[in-house]
Amino acid sequence: MHFGPDFGWLKRFMPRGLYGRAVLILLLPVFTLVLVVTVMFLQRHFEDVTRQMTASVALEAGFVTRSVDQSTDLASAVFAGTDIASNLGFEFAMPGPVVHESRVFYDVSGRIVADELRASLPGLTAVELKDLKQVRLGLEGPYGPYTLTFPRGRVSASNPHQLLVLLGFTAALMTVIAGIFLRNQLRPIRRLAQAAEDYGRGRLTPYRPGGAIEIRSAGAAFLDMRNRLERLAEQRGMMLSGISHDLRTPLTRLQLSLSMMSPDIEPDAEEIAAMRRDLDEMSRMINAFLAFARDAAQDDTKAEQTALLPFLRRIIEDAERGGHSIELLSNGVAEADAATFRPDTLRRAIENLIGNAGRYGDHTRVELSTTPRAVRISVEDDGPGIPEDRHEDALRPFSRLDPGRSRNRGEGAGLGLAIAADTARMLGGQLRLGRSEDLGGLKAEIAFPR
């Protein structure tokens, strides 16, 4: 049920674009202010000031009319009127030209002048205001009609329209300047919309965030989303390629084993055990692929404030029960030091790093360090390490380096470092690889903001 007036019809007259609506929001207050100032100026300046000036002139004109009316004859009336009028700045003529009531339509203050003069001068018969430079009064005295003429500037401000013109010109100029500035501010939004539209159509348009802070934030979020989608698409292709490549060898062995089996001869236990190992290897690979796909797609856990040392101790305790030898260093980190992150996501990343360190080395060291703005968690081992020129390859999903690095402890699917790198990116940080100075093996460090 709808209550109150329906203003839906206004939508038909509203601009549909953001630029048009922003200009409308800008113009409405500006022109409303101009209108209010104009009305107040007309009321205060044209009415009050004009009325005061006209009243002052009416007193002087009244002195002239009283002098004429009190004269004893026509000659003395002309002499008194001419003498006094010239001293007060009037032009006196008796009988003078015929004066007609007149006023131009745009003379706003003329009505006030005429009304004030009629109220102050009893003998006034007509007020002629057709000439904006002067005022001519027609008066009736005991010796006949006569006129008084004086400059218009004595009863109203000279050039009163200048303030209105200046105000209107300033408002128009500021509107144009604001419109240009607003257009420049809206350009980054249009660029962002164009980049998003092109990406929706399968085209990668170069885009760099710009504009105000909010627009830059939206642009950075768009780039992060686009890069993440591109990375997921690349990882999906690599996963399919890895599945087809890695499963080919155990499938071929199974096919050969099955082709060599005879229904008349019962297979021996060694052959059945070999086929089971192939099946276990295939199952392990598929589970690793699915786990990586699930971790890459799911990012719906909520970040929460978590104490760092208890969090790491639980991970290390679980790993030690699996047979790993792990040393924890946390110099300068207090028990209450905490950071905001997704615990499950970071736990998987650290467990993968610890698992890799335990697979390729005999001793593992986990070091925690903090700054007021960042957290660093490094995992080092005493294994063979990774050459510096292969660090980028090691971070790619499903990539395995020199098989000798495994030291016959089981070949993984090449996902541990990739998962840790993706986790660091989701936390707003990064995963850095290097060589451990103390242990000599690989050093993997996750750094992310607190």
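Lys and Arg at +1, Asp and Glu at -1: add these up for the other residues within a Cβ distance under 14 Å of Ala119 and post the number.
In short, +1.
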Anchor Lys130: aspartates and glutamates whose Cα lies under 16 Å away (excluding residues fewer than 8 positions away in-chain): Glu101, Asp107, Asp115
Name the aspartates and glutamates eligible as straight-distance cross-link partners of Lys443: C-alpha to C-alpha under 13 Å, and not fewer than 8 places from it in the same chain. Glu367, Glu380, Asp381, Asp382, Glu388
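Calculate the FRET efficiency for Leu33 and Ser102 from the Cβ-Cβ distance with a Förster distance of 41 Å, rounded to the nearest 0.05. The partial results should precede the final answer.
Numbers: r = 36 Å, r/R0 = 0.87.
E between Leu33 and Ser102, to the nearest 0.05, is 0.70.
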Of Leu439, Leu148, which has the most accessible area and how do the rest follow, probe 1.4 Å? Leu439, Leu148
³J(HN,Hα), Karplus 6.51/-1.76/1.60, whole Hz, each residue of region 274-281, x for Gly, Pro: 5, 5, 5, 5, 4, 5, 4, 5
Which Cα, out of Ile377, His391, Ala420, lies furthest along the positive dipole direction of region 301-449 (beta carbon charges, K/R +1, D/E -1)? Ala420
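Give me the percent of accessible area attributable to carbon and sulfur for region 12-161, probe 1.4 angstrom.
So the carbon and sulfur contribution to the accessible surface is 62 percent.
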State the extension gain, in nm to one decimal, for the chain segment bounded by Ala336 and Asp362, taking 0.36 nm per residue of separation less the distance between their alpha-carbons. 6.2 nm
Per residue, how much accessible area does region 301-449 show when a 1.4 Å probe rolls over the protein heavy atoms, in square angstrom? 48
Can you sort His324, His391, His100 by 1.4 Å-probe accessible area, starting with the largest? His100, His324, His391
Evaluate the relative contact order of region 12-161 (contact order divided by residue number), counting alpha-carbon pairs under 8 angstrom at least 6 apart; express in whole percent. 25
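Can you give the FRET efficiency for Arg432 and Gln194, using 1/(1 + (r/R0)^6), R0 = 35 Å, r = Cβ-Cβ distance, to the nearest 0.05?
0.50
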Could you work out what % of the accessible surface of region 301-449 is carbon and sulfur, using a 1.4 angstrom probe and leaving DNA, RNA and ligands out of the count? 43
For Ala93, residues with placed amide H under 5 Å, excluding near neighbours: Thr147
In whole Hz, the Karplus estimates of ³J(HN,Hα) for region 118-125 (6.51, -1.76, 1.60; θ = phi - 60°; x where Gly or Pro) are 5, 6, 9, 10, x, x, 6, 10
At a probe size of 1.4 Å, how large is the accessible area of Leu167, to the nearest 10 Å²? 50
Using modelled amide H (1.01 Å from N, peptide plane; none on Pro or chain starts), what sits under 5 Å from the amide H of Ser330, excluding residues fewer than 5 places away? Leu368
Heavy-atom accessible area ranking, 1.4 Å probe, most first, across Lys130, Lys302, Lys443: Lys302, Lys130, Lys443
Zone reached by a paramagnetic label modelled 7 Å from Leu309 Cα along Cα→Cβ, restricted to region 366-384 with backbone N below 16 Å, covers 366-371, 376
Once the other residues with Cβ under 13 Å from the Cβ of Glu380 are scored (Lys, Arg +1; Asp, Glu -1), what is the net sum? -3
Using alpha carbons only, how many angstrom separate the centre of region 251-275 from the centre of region 340-372? 42
Amide H of Leu129 versus every other amide H placed in the peptide plane: which residues, excluding those fewer than 5 positions away on the same chain, fall under 5 Å? Ser102, Arg103
Along Cα→Cβ, 7 Å out, is where each label goes; now give me the distance between the ones at Arg277 and Ala178 in nm to one decimal. 8.0
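The values are calculated or read from the model by the stated rules, or taken from the named source; none is laboratory data. Treat the numbers as computed from the prediction; the structure is a model and nothing was measured. Cβ sites come from the backbone with ideal geometry, for glycine too, and all protein chains shown count toward neighbours. Keep in mind that these areas ignore ligands, DNA and RNA; they rest on the heavy atoms of the full protein, side chains included. Shrake-Rupley method; radii C 1.70, N 1.55, O 1.52, S 1.80 Å.
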